[in-house]
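Undergrad: Sending over a structure as structure tokens; questions will come in a sec.
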Amino acid sequence: MNRIVTTSSALTHIIFGRDDERDEIIRLLHETAGDFETSSSNSKCYSVIGIYGIAGSGKTTLAQLVCTYERMDNYFYPVMWIHVSQNFNVKNIYLEMLEAASGAPCHEFRSLNTLQMKLEEQLRCKRFFIVLDDIWAVKDGIVLDLEKLDQLLSPLRVGKKGSMVLVTTRFKDAAMSLGAKSLMKIPDLNEIDFFNLFMHYALDGATLDNHELETFQMIGKQILKKLKGSPLAARVVGARLRKNLKATFWRRVGDQDMLPDTMEALWWSYQHLDGQIRRCFAYCSLFPQGYMFKRDELVDLWIAEGFIQCTSKHREEE
């Protein structure tokens, strides 16, 4: 099955809060010893730090903040970002690591062993920093193969002492299985940061007088109570509310009991999409998880299903 990289090290949205957590992780990253030694066969050259928490709590965002800082600091080289997820393929991740370490596109190798040796050449005697985003320990109630995770980390053993691995995961056990010495359960945003995050997505760019702003802020505080501190839910619900800046609609949302967690908030947002868009979106669920869509091919499939209604002089593909 093809993999699709669903996260990257680039920050794609405005961040509220998380400065304290970022600074704490950076402190842990730099508190290393033996910076000028290479690892021996009996010891690891790297340490593992784990960030864990529920879906939508901001783990990836925090890791992106740290990664952005380390790219500018030049303390580590190379700095790599790898999205792992549930259905990861060791060979594909090696290719991503090699490309990140070398800074150049790499050709696909037939031999996993050859690929591993090439990767080791790039990492040997270097103090690297790598983020492994979204590591899973359990899938469908079954513990994943730990040997596969060990194989994933095996090329890292040739680096310089002081190298670091930052893991984000929903499961504390997943980070511990990789030997994490330091663990951080990502805390909830404080009330002010959470409110500012929500209102940014709900009202950014809107032209309101003081009375309207006060009204929306008052209703927004009631809606926030139902989002259980989830930054992802705040972004999704806030963005949906921005499309309908009517106090009656906002109050109706505030009266609903369908936003108890992140997944429910995402489901609520889906239900408020235009019906034609919902069909296109739902169609994608026919494909296996991790499937890599090609834009033009997907558009052709939507057209073939009759999902695209063209009412202007533009072609359906456009």
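The values are calculated or read from the model by the stated rules, or taken from the named source; none is laboratory data. Given the structure is predicted, the values throughout are model-derived calculations rather than measurements. Note that we place each Cβ from the backbone using ideal geometry, even for glycine, and neighbour counts take in every protein chain shown. Quick note on the areas: whole protein, heavy atoms, side chains included, nothing else; ligands and nucleic acids left out. Shrake-Rupley method; radii C 1.70, N 1.55, O 1.52, S 1.80 Å.
Undergrad: Straight distance only, please: which aspartates and glutamates reach the Cα of K118 with their own Cα at less than 17 Å, same-chain residues fewer than 8 apart left out?
TA: By straight Cα distance, K118 reaches E96, E99, E108.
Undergrad: Here is a further query. May I ask you to derive the FRET efficiency for E121 and S43 from their Cβ-Cβ distance with R0 = 30 Å, giving the value to the nearest 0.05?
TA: Computed FRET efficiency for E121 and S43 comes out at 0.90.
Undergrad: Summing +1 for each Lys or Arg and -1 for each Asp or Glu, what net charge is found among the other residues whose Cβ lies under 15 Å from the Cβ of E297? Walk me through the intermediate numbers first.
TA: Working: positive: K294, R295; negative: D296, D300, E305, E316, E317.
Once all neighbours under 15 Å are counted, the net charge is -3.
Undergrad: Would you mind working out the magnitude of the charge dipole of the chain relative to its Cα centre, with +1 at each Lys and Arg C-beta and -1 at each Asp and Glu C-beta, to the nearest 20 Debye?
TA: Values: 39 positive and 41 negative charges, 52 e Å.
With only Lys, Arg, Asp and Glu charged at Cβ, the dipole is about 260 debye.
Undergrad: Roughly speaking, what is the stretch gain from Q86 to N244, that is 0.36 nm per residue apart minus the C-alpha to C-alpha distance, in nm to one decimal?
TA: On the way: separation 158, 0.36 × 158 = 56.88 nm, distance 3.61 nm.
Answer, rounded to one decimal: 53.3 nm.
Undergrad: Could you work out the pair-distance distribution P(r) of the stretch 139-244 from its alpha-carbon pairs, with 10 angstrom bin width and percents rounded to whole numbers?
TA: 11, 30, 19, 19, 15, 5, 0
Undergrad: Within a Cβ distance under 11 Å of V165, other residues only, what is the Lys/Arg minus Asp/Glu net charge?
TA: Details: positive: K44, K181; negative: none.
With Lys, Arg at +1 and Asp, Glu at -1, the net is +2.
Undergrad: Would you be so kind as to identify all helices of the chain, as entire DSSP H runs, whose Cα atoms reach 20 Å or more along the helix's own axis and whose mean Kyte-Doolittle hydropathy is at least -1.0?
TA: Details: long enough: 59-73 (21 Å, -0.29); 210-224 (21 Å, -0.29).
Span-like helices here: 59-73, 210-224.
Undergrad: While we're looking at this one, here's another question. What's the magnitude of the charge dipole for the stretch 224-308 around its Cα centre, counting Lys and Arg as +1 and Asp and Glu as -1 at the beta-carbon? Answer in Debye, nearest 20. Don't jump to the answer; show the numbers that get you there.
TA: On the way: 14 positive and 9 negative charges, 119 e Å.
Roughly 580 debye for the stretch 224-308.
Undergrad: Between their Cα atoms, which of K160/K185; K91/K226; K91/K181; K172/K243; K185/K294 are more than 32 Å away from each other?
TA: Pairs exceeding 32 Å: K91/K226; K172/K243; K185/K294.
Undergrad: If you wrap a convex hull around the alpha carbons of the stretch 152-202, what volume per residue comes out, as a whole number of Å³? Spell out each step's value before the answer.
TA: Details: hull volume 7.4 nm³, N = 51.
It comes to 145 Å³ per residue, whole-number rounded.
Undergrad: With every protein chain left in place, what is the accessible area per residue of the stretch 147-302 in square angstrom, probe 1.4 Å? Intermediate values should be presented prior to the final figure.
TA: Values: 8780 Å² over 156 residues.
Computed with neighbouring chains in place, this is 56 Å² per residue.
Undergrad: Also, quick follow-up: So in the chain, what percent of DSSP beta bridges are antiparallel if you round to the nearest 5?
TA: Just about 10 percent of them are antiparallel.
Undergrad: Quick one: divide the alpha-carbon radius of gyration of the chain by 2.2 N^0.38 Å and tell me what you get. The partial results should precede the final answer.
TA: On the way: Rg = 22.5 Å, N = 318, 2.2 N^0.38 = 19.6 Å.
Dividing the Cα Rg of the chain by 2.2 N^0.38 Å gives 1.15.
Undergrad: Set the Förster radius R0 to 41 Å, insert the Cβ-Cβ distance between E191 and E317 as r into 1/(1 + (r/R0)^6), and round the FRET efficiency to 0.05.
TA: Efficiency computed from Cβ-Cβ geometry: 0.30.
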